1. Sorted by average packing, counted as other Cβ atoms within 10 angstrom per residue and highest first, what order do B:123-130, B:72-79, B:182-189 take?
2. Taking θ = phi - 60°, what integer Hz values does the Karplus form 6.51 cos²θ - 1.76 cosθ + 1.60 yield along segment A:99-114, in sequence order, with x for Gly and Pro?
3. Given bins 10 angstrom wide, list per bin the percent of all Cα-Cα distances in segment A:100-189, short to long.
4. Restricting things to alpha carbons, find the Rg to Rh ratio for segment B:16-88 using the Kirkwood radius for Rh.
5. In whole Hz and in residue order, list the ³J(HN,Hα) couplings for segment B:174-187 that follow from phi through the Karplus curve 6.51 cos²θ - 1.76 cosθ + 1.60, θ = phi - 60°; x for Gly and Pro.
6. Loop-only trypsin sites (Lys or Arg not before Pro) in segment B:131-218, please: DSSP not H, G, I, E or B, and at most 16 other Cβ atoms within 10 Å.
7. In cubic angstrom, how much convex hull volume per residue do the alpha carbon atoms of chain B span?
8. For A:Ser78, place a label point 7 Å out from Cα along the Cα→Cβ vector, do the same in each other copy, and report the separations in nm, one decimal, smallest first.
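Any read-out appearing in this document is the output of simple, stated calculations on the displayed coordinates, not a laboratory observation. No experiment lies behind these values; they were computed from the predicted model shown. Counting neighbours? That spans all protein chains shown, and the Cβs are built from the backbone with ideal geometry, glycine included.
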2 protein chains.
Amino acid sequence: MIKALVFDAYGTLFDVHSVGKECNEIFPNKGDEISQSWRKKQLEYFFLRQLMERYKPFDEITRDALNYACKENGVELSEENEERLMNAYLKLELFEEVESVLKELSEKKLVVFSNGSVNMIDPLVEQSSINEYIGEVISADEIKQYKPTPAAYNHALERLDVKREEVLFMSSNPWDITGAKSFGFNTAWINRKELVAEELDIQPDSVYSDLSGIREWN
Amino acid sequence: MIKALVFDAYGTLFDVHSVGKECNEIFPNKGDEISQSWRKKQLEYFFLRQLMERYKPFDEITRDALNYACKENGVELSEENEERLMNAYLKLELFEEVESVLKELSEKKLVVFSNGSVNMIDPLVEQSSINEYIGEVISADEIKQYKPTPAAYNHALERLDVKREEVLFMSSNPWDITGAKSFGFNTAWINRKELVAEELDIQPDSVYSDLSGIREWN
């Protein structure tokens, strides 16, 4: 019996590569590469900082990763463009099916659980059309422990006030879905990019190509 | 006053992409891609397992990553070829300048410190021409904590029996050199691929394009 549907934000509900459009306007022909590198470094930096015990909030890491991506691609990043791109992160687009699926499931407890710091994830959810369906937004920043550490999922569980097995957790990120399953949540991997399964000895309970599939857990 | 010169193994002394040759023989035209993906997943898997508190030794992770790389690239991996490629990891080539530099510094305490499990790193060092110069091989597997955690570098320090500031640590891997500097070692980043510096608020003490540069610490 599932009592809480918990969604990762970046890549799962919101398309992080929608910043690619602004990247392309600022850096013609290099926008996609910069956008990909930005996301890749963002992930790498929060993994590394967690491992090195040098926590830094997600907004600062996102800014650091943007600076790296620009340097790597040999472009200058003006202060103005840095702010413009950081602001783009507060207005990411929802994936196409998200609004209708969440509307349909809106009698359930719907929760966003993200590594994003409160100053990034709150405005993002608030400006989106799903805001009215989301009961709670939980940030790993509240305990300064990033997913996929067990401590992060445990923090979400404590905030939810349900049992571990009453949670269905959704993410598009393989590392996140593996971490959540390892912790003991029910998991549905939203495999938007048709990736092959990870070789981490832990498999999600369900795999769907988009969020529509989770209706069968209802 | 530096008393111990501590070298990372994979990518620093030994060229992990020398397995690319065997990959190319087994999978014509796809060998380079598989070799790159193999290394990328190997790193990702030990980061993730450390974060998820699901430690597994490096040899098993390396095998898992190879399986992922083959699936990702749409090729079948026979048992025979799996063994052949895993064995290639025990015979990686040294980078060109390594032997002469280590020979020149051989009156110092020269140590290899690797995330590799003992059954991978020991045979690799033993079959190489630098074996006679290496006083000790330290594996993160001894405490089941991977670099770049502080616990891993601390383990090396305890094995070395010198002071933290008497260590010069060399790695080509940015995450490793950042972790080592964060822990408090002197560091020389062997930046073989001319990468741009990471945006992690921590910079190595020296940067060289290959190991030759470390002679100035003598």
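1. B:182-189, B:123-130, B:72-79
2. 4, 5, 5, 5, 4, 5, 9, 6, 7, 7, 7, 10, 9, 9, 10, 9
3. Bins of 10 Å from zero give 16, 51, 32, 1 percent of pairs.
4. 0.98
5. After applying 6.51 cos²θ - 1.76 cosθ + 1.60, I find x, 5, 7, 5, 5, x, 5, 5, 4, 6, x, 6, 5, 9 Hz.
6. Working: sites: B:Lys144, B:Arg159, B:Lys163, B:Arg164, B:Lys181, B:Arg192, B:Lys193, B:Arg215; in loops: B:Lys144, B:Lys163, B:Arg192, B:Lys193.
For trypsin sites (Lys or Arg not before Pro) across segment B:131-218 that sit outside H, G, I, E and B with at most 16 neighbouring Cβ atoms in 10 Å, the list reads B:Lys144, B:Lys163, B:Arg192, B:Lys193.
7. Values: hull volume 26.1 nm³, N = 218.
Dividing the Cα hull volume of chain B by its residue count gives 120 Å³.
8. 6.1
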